[in-house]
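Inspection log for the structure reproduced underneath, given as structure tokens.
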Amino acid sequence: MEFIFRRIRFKFLYVGAASALMSGILLYLGYRITAFFYHAGLQYDAPYVKLFNWIINHIGAYPTALLAGSLLFLLFFYWRSGKIRSDSAELCQLYAAGGDKPAAAKEDGKMDELTEIRILPMHHAKELH
């Protein structure tokens, strides 16, 4: 069971890193597109130029980029972690319902011959010393 949760942790780590990378790439592309529109020599009375000027003058470029990057990261992480979240919820429900017992176990406690579960002999404490 610990192995399964370790795999889930690594999957969430992968999703977090991929979300950070994708949000960084989109943030950079958005910055370059905005810079192109701003410096393209287009009309300064255009609504998007006025919006960019207002954002840069009142909020600042770095806080805006930090806020946009954080929102993009949260959106990507929520979107990409949905499958892992549903798989882990299903796993926890299975475990709570007694799914940790082998499916081949019979009611009398004996195991089927085809199972791969090995029964190890128990040692007494005197034999170990």
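Here are a few things to note about the model shown:
- Looking at Ser19, Ser70, just one residue is under 28 Å from the mean Cα position of the chain (by Cα) and within 27 Å of Arg6 (Cβ to Cβ), and that residue is Ser19.
- When the residues of region 41-93 are filtered to those that are among the aromatic types (Phe, Trp, Tyr) and touching a Phe, Trp or Tyr at 6+ places or on another chain (Cβ under 7 Å), the one that is modelled with the lowest pLDDT is Tyr48.
- When region 20-58 is filtered for residues that are closer than 30 Å to Arg80 by Cα and in contact with a Leu (Cβ under 8 Å, 6 or more places away or on another chain), the ones remaining, listed by number, are Met22, Ser23, Leu26, Leu27.
- Looking only at residues in region 1-40 that are among the β-branched types (Val, Ile, Thr) and at pLDDT 85 or above, the one that is farthest from Gly60 (Cα to Cα) is Val15.
- Of residues in region 14-65 being farther than 26 Å from Trp79 by Cα and small (Gly, Ala, Ser), the one surrounded by the most Cβ atoms within 10 Å (Cβ to Cβ): Ala61
- Scanning region 97-120 turns up no residue that is at pLDDT 85 or above and loosely packed, with under 10 Cβ neighbours inside 10 Å.
The values are calculated or read from the model by the stated rules, or taken from the named source; none is laboratory data. Just so it is clear, the model here is predicted, and its values are computed rather than measured. Cβ coordinates were reconstructed from backbone atoms using ideal geometry, including for glycine residues, and neighbour counts include every protein chain displayed.
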